[in-house]
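Read the figures in this text as sums done on the coordinates, not as results from a lab. For clarity, every value in this text was computed on a predicted model and none was experimentally measured. Cβ placement follows ideal geometry from the backbone for every residue including glycine, while neighbour counts extend to all protein chains displayed.
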Amino acid sequence: MLEKQNELIELQKKRDQEKQNKEDAVIQATLRLRNPRTRSSSSSPVTAASNSTVTTFMPIDKSSRKRGHSGRSRLVISALMDNAGFHRSSIDIFESTEDNRMDSSHFLAWIDRTASLLRKEFGIYTKIVLVIDNAPWHNRLTNDTMPPKRSWRKEHIIQWLNTHNIDVPVKAVKAELLDIAMKNLPEKRYETDEAAKKYNVDILR
């Protein structure tokens with residue numbers, strides 16, 4: 001009986017290791033796609049200071065073709081990395097489909113979860129900085145700082161101006177109202193930054 005249990009334990013360990021090896025292979029392939037000159041995670045160009053006061057990470061979100069699917073299916077990987085390599089607890093891998101792909105909502109949920117994990121891991125006294133690029137899903141504005149669109153109806157633009165406490169000339173036409181709005185845009189705030197801020201994690205662009 002004991003021998004059978006040991007066999008099952010060893011089998012489970014083997015399966016776990018195989019799964020980990022596959023994930024590592026996908027991550028390394030993604031890293032090479034991002035930076036062809038990079039042969040291993042230890043040679044990453046990202047600068048990080050891992051000490052008692054500041055820890056810096058760079059989020060990576062890339063898609064990689066899944067073998068055997070004629071290029072139609074892709075794995076999307078989100079992970080943090082610093083000069084020591086990938087931060088394993090931050091890794092998120094999912095299969096991209098028409099209904100499930102990387103977008104602002106998915107990235108925002110990942111940032112929220114990851115910032116929470118980092119704060120628990122490094123404690124309240126460590127300054128944590130995430131360095132991100134300008135991918136579209138990184139830069140979705142908060143609702144209150146989104147500018148009006150030229151496709152909006154005049155009434156919608158007036159509502160935007162009123163919400164932002166901007167005087168509306170009585171006889172102004174739509175073009176004039178848009179011009180007033182564009183000259184009085186609020187300071188940009190990003191949903192990603194706001195999510196990280198809840199855990200006292202800074203975002204650097």
Can you give me the distance in nm between label points at L185 and K14, each placed 7 Å from the Cα along the Cα-to-Cβ direction?
6.0
For the residue pair Q159 and E176, what label-to-label distance in nm results when each label sits 7 Å from Cα along the Cα-to-beta-carbon direction?
2.3
Only bridges with both residues in segment 73-205 count here: give the DSSP antiparallel percent, nearest 5.
70
Given N residues in segment 136-205, what is Rg(Cα) / (2.2 N^0.38 Å)?
1.33
When the Kirkwood radius is taken over all Cα pairs of segment 85-199, what Stokes-Einstein diffusion coefficient follows at 37 °C and 0.692 mPa s, in µm²/s?
192
